[in-house]
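Encoded as structure tokens, the structure appears first; notes follow it.
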Amino acid sequence: MTLFPIFLLFLILLFSSFEQSVSISSGSQRVIFRSIINENSKDGDFAIDLNATNFDSVLKETPAPFAIVEFFAHWCPACRNYKPQYEKVARLFNGADASYPGIILMTRVDCASTINSKLCDKFSVDRYPMLFWGPPKKFVSGGWGPKQEKSEIILIENGRTADVLLGWINKQLGSSYGLDDGKYENEHLQTNTSDPGQIAKAIDDVEEATSTAFSIILDHKMIKPETRASLIKFLQLLVAHHPSRRCRKGSADVLVNFDDLCPSSTMLVNNEEAESCSKNGALGNYQICGKIVPRGYWMYCRGSKNDTRGFSCGLWVLLHSLSVRVEDGESNMAFRSTCDFIHNFFVCEECRQHFYEMCSSVSTPFKKARNFALWLWSAHNKVNKRLIKEEASLGTGDPEFPKAIWPPKQLCSSCYLSPSKTSKENNKIDWDEDEVFKFLVSYYGKELVTLYKDNEQQGGGKTEKIVTEELVASTNAVVVPVGAALAIAVASCAFGALAYIWRSRQKNRKYKYIYSLKNI
């Protein structure tokens, strides 16, 4: 028996959250968000024109964590003069050439149109223009009043010029956006592979991939009696080693409440279990990486075409980042958890089978974390080698980001040994695996986390608490539910037994935790 179960239990006790939020399928979000921009914006306009017929649906479906709604009247001279100012800011966040896509949805509603009379009344519009800020879903079927207390919808009192409005936004988000900021561009690995700062963007994609994987599992109703234990084991791995604190926190929240959210077949027949464990059930209300993820777009993993890179790239970065964080005693459990997760929940059949074959070829349990990290690196290169040939023959690859053997010499020249005569003849690379392992630990571990923390520490403002609350790990105790504990016990009797003992204290601890948060 390894130390992993006890170590993992200790870590799980550090995380808890009680807030639930609505989950959306990230795949549909990206399509909807693009269609909103394309269908509602006019030539030269970036803010989205809304009316009473589409106001709720557009704001409900956008992946952006924040929205600004401008209420105006088309006959108002001040509104006409303000429009160019508003558009300067909207250009940064909306449209195909946005500098910061998917962060703020900027919209407008014409109160002079009869169809919008009731909508404008709900927000107590008594002058033009009036600007409101808030989470998009708070606008849905909602309203605002001047005497309303503790509303998440905020009236922007002073936003009469583009500079002033953007300054207000920067204060809210703790950001430093500028009106002259250019179009967001992909950074090409082929030309900028020596730039270590690129990996900092990967943390966003690791979060996006985690959320996307969770959504796929729920959308396809993949949680079944035979797959429950493998999902729970992978959640354990995320709780302990996910590079994003908000994803560790969200995974712990799902794990703690798993038995209540997804009742086992001992309580329900199989079809009912599949339904209750889908996005239509209680589990669908959880966002595993917090309320601002998924964002609906990719950063480090963005392809030059919509159907390339993205999720597969983000999932690989997640797996590598997990592999370099486990301890020696956890290595084989991490390996099995990863293999079982891909086998049970990755929906690309050919990829799933290929990965399973590579997993099955391992006959000796891993005893060192180094061996697991190197195996995953080798497996990734085998996948790339297979896809290089297929994409070249079919022309289906990303022209800007063709598959390549990793890492390239630009990133790790010391990883490559001087090729022998035999290796030259066989077109084989001689690797220095000690150097490869050092590179993996640095690239997917130290650099990723260090740059991530540096980014977190920048900025301030009132809304920083809203943005970063999902990043902060709680120090209050968490308990694994009975059903989850029994599933975990299959992999580790010690962990399951301890989890069962603590189950009886779960409610009291939750109440104490909620009470303590209210008094912070």
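The values are calculated or read from the model by the stated rules, or taken from the named source; none is laboratory data. A quick note: this is a predicted structure, and the numbers were derived from the prediction, not measured. A quick note on method: Cβ atoms are made from the backbone with ideal geometry, for glycine too, and the neighbour counts reach across all protein chains shown. In case anyone asks, the SASA skips ligands and DNA or RNA and just uses the protein heavy atoms, side chains included. Shrake-Rupley method; radii C 1.70, N 1.55, O 1.52, S 1.80 Å.
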>> Checking the condition assigned to a helix (DSSP H, G or I), open to solvent by 10 Å² or more (accessible area, probe 1.4 Å), of a type in the set (Gly, Ala, Ser) and at pLDDT below 80, which residue from ALA229, ALA274 passes?
In response: ALA274
> Name the helices (runs of 4 or more DSSP H) wholly within region 318-432 that hold at least 2 residues that are open to solvent by 60 Å² or more (accessible area, probe 1.4 Å)?
Replying inline: 349-360, 369-394, 421-425
> Residues in region 91-98: is at least one touching a strand residue (DSSP E or B) at 6+ places or on another chain (Cβ under 7 Å) and closer than 13 Å to ALA67 by Cα?
Replying inline: yes
> Quick one: in region 42-88, which of the residues that are β-branched (Val, Ile, Thr) and modelled with pLDDT of 95 or more is farthest from ASP121 (Cα to Cα)?
Replying inline: ILE68
> SER312 versus (1) assigned to a helix (DSSP H, G or I); (2) at pLDDT below 90; (3) more than 22 Å from SER442 (Cα to Cα): which is the lone unmet condition?
Replying inline: (3)
